[in-house]
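Mind looking over this structure? Questions follow.
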Amino acid sequence: MPFNKIQSAGFDLTDNYAFSGTVSGAGGVDMNGTAWRANAGSEQTLSHVTWAKGTNFTTEAYDPGSNYDATNSKYVVPSDGFYYVYYHTQLLASAANNFMVKVYVNGSSTESSMGDESAFLRYETAGYQSYFSMAGSYVAQYSANDYLELYHYIEDSSGTLKIGSGKATAFWGGYKIA
């Protein structure tokens, strides 16, 4: 016995349909008002074994909601929700032992006060690394008016320590996902 195709009473499911209207009530997230990406516009000098805010992330690639404060290199969360945050930064040294990057939340750097609202990334290089790119991402829940800042750390007492610059070299950003 052959199988018969079941058809909806209102639509022939074997036909193709072109959509030309709008959908309402489907929910979703307005990423246009929450998305941002900022690049390091210039190199920034760092100090040995000191956490330093990335103050050189002053060039906005996009920020349609005007929530990124380029003057202070920080993102101010516009509304409660879950956010995807990413970063890529190049750290320059002469012979570093440790490279670290951390997202501070509301000016706090401690794991106990930030909990799962931040990310901490560390690479130990045994003292021979001169250039190191670090990339990370995470999802966290934030409240309106929370602010995020990107901090860097290099352990190298023998040379000039810097955060690199450029659109593809040093950037961070994110967007609301729910």
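Please treat every number below as a calculation from the coordinates, not as lab data. Model, not experiment: these values are computed from the prediction. Heads up, the Cβs are rebuilt from the backbone with ideal geometry, glycines too, and the neighbour counts pull from every protein chain shown.
Can you figure out the FRET efficiency of Thr50 with Ala144, using R₀ = 30 Å and their beta-carbon distance, to the nearest 0.05?
Values: r = 31 Å, r/R0 = 1.05.
Calculated transfer efficiency: 0.45.
Something else now. I'd like the FRET efficiency for Tyr131 and Asn32, computed as 1/(1 + (r/R0)^6) with the beta carbon distance as r and R0 of 41 Å, rounded to 0.05.
Values: r = 35 Å, r/R0 = 0.86.
So the FRET efficiency works out to roughly 0.70.
For the range 59-71, what does the Karplus curve 6.51 cos²θ - 1.76 cosθ + 1.60, with θ = phi - 60°, yield as ³J(HN,Hα) per residue in whole Hz, taken in order and with x for Gly and Pro?
Once rounded to whole Hz, the list reads 9, 7, 7, 7, 6, x, x, 6, 9, 8, 9, 5, 4.
For a quick check: sort Asp146, Asp156 by the number of other beta carbons within 10 angstrom, fewest at the front.
Result, fewest neighbours first: Asp146, Asp156.
With 10 angstrom as the radius, rank Trp51, Trp172, Trp36 by how many other C-beta atoms surround their C-beta, starting from the fewest. Display every interim value, and only then the final one.
On the way: Trp51 14, Trp172 27, Trp36 23.
In order of increasing Cβ crowding within 10 Å: Trp51, Trp36, Trp172.
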